[in-house]
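Read the structure below first, then the notes.
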Amino acid sequence: MFAEAGCKGSVAVLDIDGQGRVMFRDTELVVAASTCKIVVALELFCQAAEGSLDPAERVRLSPAQATPGGQGFCIVEDEAEVSLRDIARMMLTISDNTATEVLIRRVSLSRVHARSAGLGLDRIRLVGTIRQEFDAIGRDADRVP
């Protein structure tokens, strides 16, 4: 399918409730980009299922705390109060970076990494929050001749 589309790609699909898995070029390192939001959502909903987090928990979002991204909470002008569940919905449906930032901070990066590793996905690594990633890209861009 990748060849027909004229591109290269890789796939890793795992059954989180069992041993099923489909892997293709799974040893190649790739930049996950917005697909990293899936493991953030997984951690959020696993914590909710375990009872350590309430998906109805309300979070106050301020435009001053928005993470750049072009859509979603970064374009609102007024403070908003939203549930973690709805923040996850924004993260997954429109790839909202502010929503991702909020959830990474709430569920913790170390828990996202531990959950991924527990599923055999120990090579999925988020270096930090979305804002930290953007800051690193900006620092790297200053070093490019």
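The values are calculated or read from the model by the stated rules, or taken from the named source; none is laboratory data. Only a predicted model underlies this, so the values are computations on that prediction, with no experimental measurement involved. We place every Cβ from the backbone using ideal geometry, glycine too, and count neighbours over all the protein chains shown. These area figures cover heavy atoms from the full protein model, side chains too; ligands, DNA and RNA do not enter into them. Shrake-Rupley method; radii C 1.70, N 1.55, O 1.52, S 1.80 Å.
Summary table
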{"read-out": "Check on Asp135, outside any helix (DSSP H, G or I) and modelled with pLDDT of 70 or more", "value": "no"}
{"read-out": "Where Arg125 falls short, out of the listed (1) open to solvent by 50 Å² or more (accessible area, probe 1.4 Å); (2) at pLDDT 90 or above", "value": "(2)"}
{"read-out": "All positions within segment 1-22 that are assigned to a strand (DSSP E or B) and open to solvent by less than 70 Å² (accessible area, probe 1.4 Å)", "value": "Val11, Ala12, Leu14"}
{"read-out": "The lone exception for Arg105 - which of (1) assigned to a helix (DSSP H, G or I); (2) in contact (Cβ under 8 Å) with a residue 12 or more places away in the chain; (3) surrounded by 15 or more Cβ atoms within 10 Å (Cβ to Cβ); (4) of a type outside the set (Asp, Glu) it fails", "value": "(3)"}
{"read-out": "Thr98 being free of Cβ contacts under 8 Å to residues at least 60 places away in the same chain and in contact with a strand residue (DSSP E or B) (Cβ under 9 Å, 6 or more places away or on another chain)", "value": "yes"}
{"read-out": "Qualifying residue in segment 68-85 (condition: among the small types (Gly, Ala, Ser), part of a helix (DSSP H, G or I) and touching an Asp or Glu at 6+ places or on another chain (Cβ under 6 Å))", "value": "yes"}
{"read-out": "Breaking point among (1) touching a Cys at 6+ places or on another chain (Cβ under 7 Å); (2) part of a loop (DSSP other than H, G, I, E, B), for Ala56", "value": "(1)"}
{"read-out": "Tally of residues being among the small types (Gly, Ala, Ser) and over 21 Å from Ala114 (Cβ atoms) across segment 1-43", "value": "8"}
{"read-out": "Options Ala32, Ala56, Ala49; residue that is within 25 Å of Leu121 (Cα to Cα), surrounded by fewer than 16 Cβ atoms within 10 Å (Cβ to Cβ) and at pLDDT 95 or above", "value": "Ala49"}
{"read-out": "Segment 56-85, residues that are within 16 Å of Arg105 (Cβ to Cβ), in contact with a strand residue (DSSP E or B) (Cβ under 9 Å, 6 or more places away or on another chain) and not aromatic (Phe, Trp, Tyr)", "value": "Glu57, Arg58, Val59, Arg60, Leu61, Ser62, Val82, Ser83, Leu84"}
{"read-out": "Single residue of segment 35-46 satisfying the filter (farther than 20 Å from Val82 by Cα and of a type in the set (Val, Ile, Thr)) that is surrounded by the fewest Cβ atoms within 10 Å (Cβ to Cβ)", "value": "Thr35"}
{"read-out": "Odd one out for Asp78, checked against (1) among the acidic types (Asp, Glu); (2) in contact with a helix residue (DSSP H, G or I) (Cβ under 8 Å, 6 or more places away or on another chain); (3) free of Cβ contacts under 8 Å to residues at least 40 places away in the same chain; (4) surrounded by 13 or more Cβ atoms within 10 Å (Cβ to Cβ)", "value": "(4)"}
{"read-out": "Matching residues, segment 44-71, being in contact (Cβ under 8 Å) with a residue 60 or more places away in the chain, more than 15 Å from Arg115 (Cβ to Cβ) and touching a Lys or Arg at 6+ places or on another chain (Cβ under 9 Å)", "value": "Thr67, Pro68"}
